[in-house]
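Below: one structure, written as structure tokens.
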Amino acid sequence: MLRVERFEKPGIQGWVHRPDKAKASMLLSHGAGGNSQAPLMVAVAEAFAEAGCYVLRWDLPFRQLRPRGAPGGSGERDREGIVQAAQELRKIAKGVPLYLAGQSYGGRQSSMVAAEDPKLADGLLLLSYPLHPPGKPAQLRTEHFGLLRTPVLFVHGTRDPFGTVDELRDAIKLIPAAAHLQVVAGAGHGVPPATAASMPAWFNEYVQ
């Protein structure tokens, strides 16, 4: 039986999806305009918990400070928060692989953390990675891709204005670790929550 419980510690606030026996753990971070209660976050957490993963879907530090609005700044505080939450998750779900996952902004910050410390996580799940601002394909957010040593699965829609599928395929070539792309036909920026049910199988095929 799966249990969903409130999780609160200094600097870490969210919800835990706890399976009877965890085979892995996952820290799930939301996008710039959302929070841990976003439908996609809930759906992904439920899907991975059903697959035996201990999932913490949480509010990034910027969202803990204010209920609405964009992150602002360089994201350093949010990356520090991801490191803190991941370390806490390692203590709770001992001896199992730990994965970092996130949608858009949350995924980008998670990937930057993994690039800075390859030992922090065993895999990455990046949903709707914000490759560049809409309409500005030259402003690529790939500076850290060459440092990634963590296996990664990108899940990306064919109508995402933050990067086309072809643009993302080219960018992934910069990553020296195993990197794969799962395309969701017709999806924009923010893959549909209904796709979450398939994600554990995709992740298991390419990353686990």
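Throughout, read-outs are computed from the coordinates displayed, never taken from laboratory work. Source: prediction; values computed, not measured. Positions of Cβ are generated from backbone atoms using ideal geometry, with glycine treated the same way; all protein chains shown enter the neighbour counts.
Find all pairs meeting these conditions: Cβ atoms under 7 angstrom apart; at least six residues apart or on different chains; first residue within the range 13-25 and in contact (Cβ under 8 Å) with a residue 40 or more places away in the chain and of a type in the set (A, V, I, L, M); second residue crowded, with 19+ Cβ neighbours inside 10 Å and part of a loop (DSSP other than H, G, I, E, B).
Between residues of the range 13-25 that are in contact (Cβ under 8 Å) with a residue 40 or more places away in the chain and of a type in the set (A, V, I, L, M) and residues that are crowded, with 19+ Cβ neighbours inside 10 Å and part of a loop (DSSP other than H, G, I, E, B), the close pairs are A22/A93.
Filter the range 48-69 down to the residues that are under 10 Å from H17 (Cα atoms) and part of a helix (DSSP H, G or I), then identify the one that is farthest from the chain's Cα centre (by Cα).
Only one residue tops the list, namely E50.
For residues that are part of a loop (DSSP other than H, G, I, E, B) and among the hydrophobic types (A, V, I, L, M, F, W, C), scanning just the range 9-45, find the one that is farthest from Q84 (Cα to Cα).
A38
What number of residues within the range 46-73 satisfy the criterion of being touching a residue at least 40 places away in the same chain (Cβ under 8 Å) and closer than 16 Å to A86 by Cβ?
Number of matching residues: 9.
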